[in-house]
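What follows is a single structure, written as structure tokens, with notes after it.
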Amino acid sequence: GSSMLGPQARVLHGFALQAAPALLHGIAQIAAQAPFRRLSTPGGRRIQVEMTNCGRYGWYSDRRGYRYEAIDPDSGRAWPAMPDDFLQLAVAAAAAAGFPGYRPDACLINRYRPGAGMGLHQDRDEEDTRAPIVSVSLGLPAVFLFGGMTRGEPTVRVPLAHGDVAVWGGVDRMRFHGVRPLAPGHDPATGDFRLNLTFRKVR
Ligand code: MD3
Ligand code: FE
């Protein structure tokens with residue numbers, strides 16, 4: 001089933017369960033070429049979540065700011081291509097949530113260890129601020145925080161489990177959101193991590 005969080009925000013529970021083993025294999029292949037790393041904020045603080053990317057553009061952050069880069073600044077090489085099965089899953093999830101014709105050009109891969117979380121923020125580094133973001137959760141469960149259009153508004157807690165896919169676009173695209181620090185747990189398939197694929201249309 002699916003839950004509605006806003007007029008254009010949906011969680012599709014279990015939508016990626018069947019594809020999960022292939023997605024985890026793809027993540028391992030990508031990480032062999034573009035390793036997970038902890039980036040720094042423009043203010044010089046290290047981000048808790050480890051990140052890498054696939055696709056035409058990759059999200060990156062350092063002293064120079066938050067941005068998308070076609071070349072991985074840590075290796076000088078292009079990001080690994082977005083695997084076909086990644087793209088197909090994102091397109092199918094977007095269509096199921098009411099966004100036909102989705103064409104993501106970036107996929108940020110977040111890796112959380114127990115204790116790691118992501119503070120409330122907006123995703124505003126993309127040129128198109130209404131195209132949906134498709135988010136795939138794998139491995140350890142997490143509690144997602146879904147807020148309003150300003151930081152101060154109350155947040156709704158949404159449990160996200162292995163295989164869940166969330167789609168956020170249109171009027172819900174600029175909502176504040178975050179991830180509570182992960183509880184300890186075991187997940188042999190991911191090596192005791194939570195992995196999150198975040199598909200975006202950047203340009
Ligand atoms: C809700 N990552 O990388 S995307 C991020 O679980 C990020 O790692 C989340 O937030 C994670 O920036 C999953 C969830 C998301 C993205 C955009 C949204 C939720 C959103 C836009 C509006 C509302
Ligand atoms: Fe985000």
Condition check for PHE144: more than 12 Å from ligand 1 (Cβ to nearest atom), among the aromatic types (Phe, Trp, Tyr), closer than 30 Å to HIS186 by Cβ and at pLDDT 95 or above: no
Exactly one of ALA90, ALA106 is in contact with a Pro (Cβ under 6 Å, 6 or more places away or on another chain) and closer than 19 Å to VAL167 by Cα, and that residue is ALA90
Scanning region 106-154 for residues that are touching a helix residue (DSSP H, G or I) at 6+ places or on another chain (Cβ under 7 Å) and assigned to a loop (DSSP other than H, G, I, E, B), the one farthest from ligand 2 (Cβ to nearest atom) turns out to be ARG130
Scanning region 18-32 residue by residue, those out of contact with any Asp or Glu (no Cβ under 9 Å at 6 or more places or on another chain) and farther than 17 Å from ASP192 by Cα turn out to be GLN18, GLN29, ILE30, ALA32
Scanning region 38-92 for residues that are of a type in the set (Gly, Ala, Ser) and either assigned to a loop (DSSP other than H, G, I, E, B) or under 18 Å from the mean Cα position of the chain (by Cα) (or both) gives SER40, GLY43, GLY44, GLY55, GLY58, SER61, ALA70, SER75, GLY76, ALA81, ALA90, ALA92
Of those in region 147-199 that are of a type in the set (Asp, Glu) and either at pLDDT below 95 or surrounded by fewer than 20 Cβ atoms within 10 Å (Cβ to Cβ) (or both), the residue nearest to PRO7 (Cα to Cα) is GLU153
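Residue-wise test of (1) in contact with a helix residue (DSSP H, G or I) (Cβ under 7 Å, 6 or more places away or on another chain); (2) surrounded by 15 or more Cβ atoms within 10 Å (Cβ to Cβ).
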{"site": "PRO35", "(1), (2)": "no, no"}
{"site": "ARG63", "(1), (2)": "no, no"}
{"site": "TYR66", "(1), (2)": "no, yes"}
{"site": "ASP72", "(1), (2)": "no, yes"}
{"site": "ALA78", "(1), (2)": "no, yes"}
{"site": "ASP85", "(1), (2)": "yes, no"}
{"site": "VAL91", "(1), (2)": "no, yes"}
Within region 103-118, of all residues that are within 11 Å of LEU182 (Cβ to Cβ) and among the charged types (D, E, K, R), the one surrounded by the fewest Cβ atoms within 10 Å (Cβ to Cβ) is ARG113
Of the candidates ARG77, ARG56, ARG46, ARG63, the one satisfying the condition of being modelled with pLDDT of 95 or more and within 16 Å of ligand 1 (Cβ to nearest atom) is ARG46
Of the residues in region 166-203, those that are assigned to a loop (DSSP other than H, G, I, E, B), within 11 Å of PRO132 (Cβ to Cβ) and of a type in the set (D, E, K, R) come to ARG173, LYS201
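The values are calculated or read from the model by the stated rules, or taken from the named source; none is laboratory data. Here the structure is a predicted model, which is why all the values come from computation and not from measurement. Positions of Cβ are backbone-derived with ideal geometry, glycine not excepted, and every protein chain shown enters the neighbour counts.
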